[in-house]
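Enquirer: Once you've had a glance at the structure underneath, I'll fire off some questions.
All of the numbers you see were taken from the coordinates with simple rules; none came from a lab. These numbers come from a predicted model, not from an experiment. Methodologically, a virtual Cβ is constructed for each residue, glycine included, from the backbone with ideal geometry; neighbour enumeration extends over all protein chains shown.
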There are 2 protein chains.
Amino acid sequence: MACLEEIVKEKFKKYLKEKGLRYTRQREDILRKILETKGHFEIEDIVLDFKKHNLDVSRSTVYRTLNILKELGIVNEVIKFKNKTLYEVALKEHHDHLVCEKCGKIIEFHSEEIEELQNNICKDYNFKPTFHRLEIYGICEDCQKKNER
Amino acid sequence: MACLEEIVKEKFKKYLKEKGLRYTRQREDILRKILETKGHFEIEDIVLDFKKHNLDVSRSTVYRTLNILKELGIVNEVIKFKNKTLYEVALKEHHDHLVCEKCGKIIEFHSEEIEELQNNICKDYNFKPTFHRLEIYGICEDCQKKNER
DNA sequence: GTAGATGCAAAAGATTTGCAGCCTA
DNA sequence: TAGGCTGCAAATCTTTTGCATCTAC
């Protein structure tokens, strides 16, 4: 088992214990699943994957657990597009997204300068940030080319 | 009638004509209403306000028209928080938002530097941006103080 | 043993859509 | 006049919730 997974698992367990909550089989399954997931995922992906592998975890439980993991800062809702919510594990270096409105492609980017400017703004307002979401919508290179043809 | 309103109205009419669509009483009412609105608004605000003033515009029509106005870039979905969508007229100087997770307060800010950095990133990826959304979630000054007590 | 968790089905919201009648161009 | 528009109700989709049952601690 990867080290990262262990660390997060312990963090989750510790948080649950502190709050008097329980570490159940379902919560373990959900945590493992999202840690396996590369990049973005939707709730529905998780639910269907459990179904596919005959793992008994209900949709409600996935929602309930994701809400805890959001609170804990282990996952973030990074994209809200067309009534869909895309989540991401918040462990790797944080990044933001370019979303193509034509094909739905998502390009990740990271800008340390933007992060810093955001922090400065928060300081100006005495605002204590927990997370942020920067989505730039538009047309990707490929779709622009398709239009030219 | 303010000049700004006229300009937007003409833009809307022109767009509708180009697409073979019609400029109806309801579309006029909706456009007027959102131009009157200061700051953010929800669909529900608009619907209720029409009800209050005995103006006949159905919820469906508000949704349908807002979708056209989004396409046109006259309004943007600027905040997606707790399954609510907040819209904003995209005419004034663009700004971004700090959203307090405790009390829901929304603080607007504008940073020309962040805008520029975003534009640079789009250039790097040959991405043609139409709009963006930057939400910073966290705890506002007031709510931090309340917690200290 | 007990408080908390789960699964299910139902509910709640937000948004979209099918359709019959209406209206703009 | 015709094709687009509207209002209504129904349908969808996402997310939450009430409750009886189950389970971690």
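Enquirer: Cβ-Cβ under 6 Å, sequence separation 6+ or interchain: first residue in the stretch A:38-51 and surrounded by 12 or more Cβ atoms within 10 Å (Cβ to Cβ), partner part of a helix (DSSP H, G or I). Which pairs?
Expert: A:43/A:62; A:46/A:33; A:46/A:62; A:47/A:59; A:47/A:62
Enquirer: Now, a different point. Would you be able to tell me the number of residues in the stretch B:34-57 that are in a helix (DSSP H, G or I) and touching a helix residue (DSSP H, G or I) at 6+ places or on another chain (Cβ under 6 Å)?
Expert: 4
Enquirer: Specify which of the listed residues (A:3, A:100) is more than 11 Å from DNA strand D (Cβ to nearest atom) and surrounded by 13 or more Cβ atoms within 10 Å (Cβ to Cβ).
Expert: Answer to the check: A:100.
Enquirer: Any idea which residue in the stretch A:59-84 is nearest to the other protein chains (Cβ to nearest Cβ), counting only those that are in contact (Cβ under 8 Å) with a residue 24 or more places away in the chain and within 10 Å of DNA strand C (Cβ to nearest atom)?
Expert: Across the stretch A:59-84, the extreme among qualifying residues is A:80.
Enquirer: A further question follows. Filter the stretch A:85-96 down to the residues that are of a type outside the set (Phe, Trp, Tyr) and more than 10 Å from every other protein chain (Cβ to nearest Cβ) and list them by number.
Expert: A:86, A:88, A:89, A:90, A:91, A:92, A:93, A:94, A:95
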